[in-house]
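Below is one structure; the comments refer to it alone.
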Amino acid sequence: SLPTEWIYLVNEDNYLVKKEIPKKEKDLEKRIKYIINYLTISKEDNKSLHGYLPIGTKILSININKEEIIIDFNKKILDTNHEKQLISGLTYSLLELEEIKKVTYLVEGKEWYKDITKDMMSPPCYCI
């Protein structure tokens, strides 16, 4: 069977749902970019499951330090009314990568969410 990654998308009831996607890359940074791309809203979004990072969200940099990643986004990521859900889904999707235990998010170089680990988060909803 082909290798896969698990990510969290949003369903039509606005719940986070765990979904399997094909694993396309071996390199960790490329895998992170691939996942974030999947989580970004697009016009082709399937109505039943879709991304939630605002259109225009871009990664400015990814810093990988042992089991921690620091991702710097542009300001577009702030264009949401569902920030808590966005952070939960994004973080759960990234923490599914076995190499990663902790994430920090920056927006244009300024700290946004720092040192998030799995045990700090309430579990998301559904698996499919």
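Stretched out straight at 0.36 nm per residue, the stretch from Glu25 to Lys66 would grow longer than its current Cα-Cα span by 12.9 nm. Pairs exceeding 28 Å between alpha-carbon atoms, taken from Lys19/Lys110; Lys23/Lys58; Lys30/Lys114; Lys19/Lys102: Lys19/Lys110. Taking all protein chains into account, the per residue accessible area for the stretch 34-85 stands at 62 Å² (1.4 Å probe).
Each peptide among 73-86, 55-68 gets the average number of other Cβ atoms lying within 10 Å of its residues, and from highest to lowest they stand as 73-86, 55-68.
Here are several values of semi-axes √(5λ) of the Cα gyration tensor in Å: (1) 20, 18, 15; (2) 28, 25, 15; (3) 23, 18, 12. Which one was derived from the coordinates shown? Of the listed options (1) 20, 18, 15; (2) 28, 25, 15; (3) 23, 18, 12, (1) comes from this structure.
With helices as the sole contributors, the chain gives -6000 deg cm²/dmol at 222 nm; each DSSP H run of n ≥ 4 counts as -39500 (n - 2.57), and the sum is divided by every residue.
If I compute solvent accessible area with a 1.4 Å probe over the protein chains, what percent of it on the chain is carbon and sulfur? Intermediate results must be reported in sequence, preceding the final value.
Working: 3810 of 7670 Å².
Its accessible area is 50 percent carbon and sulfur atoms.
Taking amide H positions as modeled 1.01 Å from N, with prolines and chain starts lacking one, the residues under 5 Å from Ile41 and 5 or more places away or on another chain are Tyr52, Leu53, Ile55.
The values are calculated or read from the model by the stated rules, or taken from the named source; none is laboratory data. Just so it is clear, the model here is predicted, and its values are computed rather than measured. All Cβ positions, even for glycine, are placed from backbone atoms using ideal geometry, and neighbour counts span all protein chains on display. Accessible surface areas use protein heavy atoms only, side chains included; no ligands, DNA or RNA. Shrake-Rupley method; radii C 1.70, N 1.55, O 1.52, S 1.80 Å.
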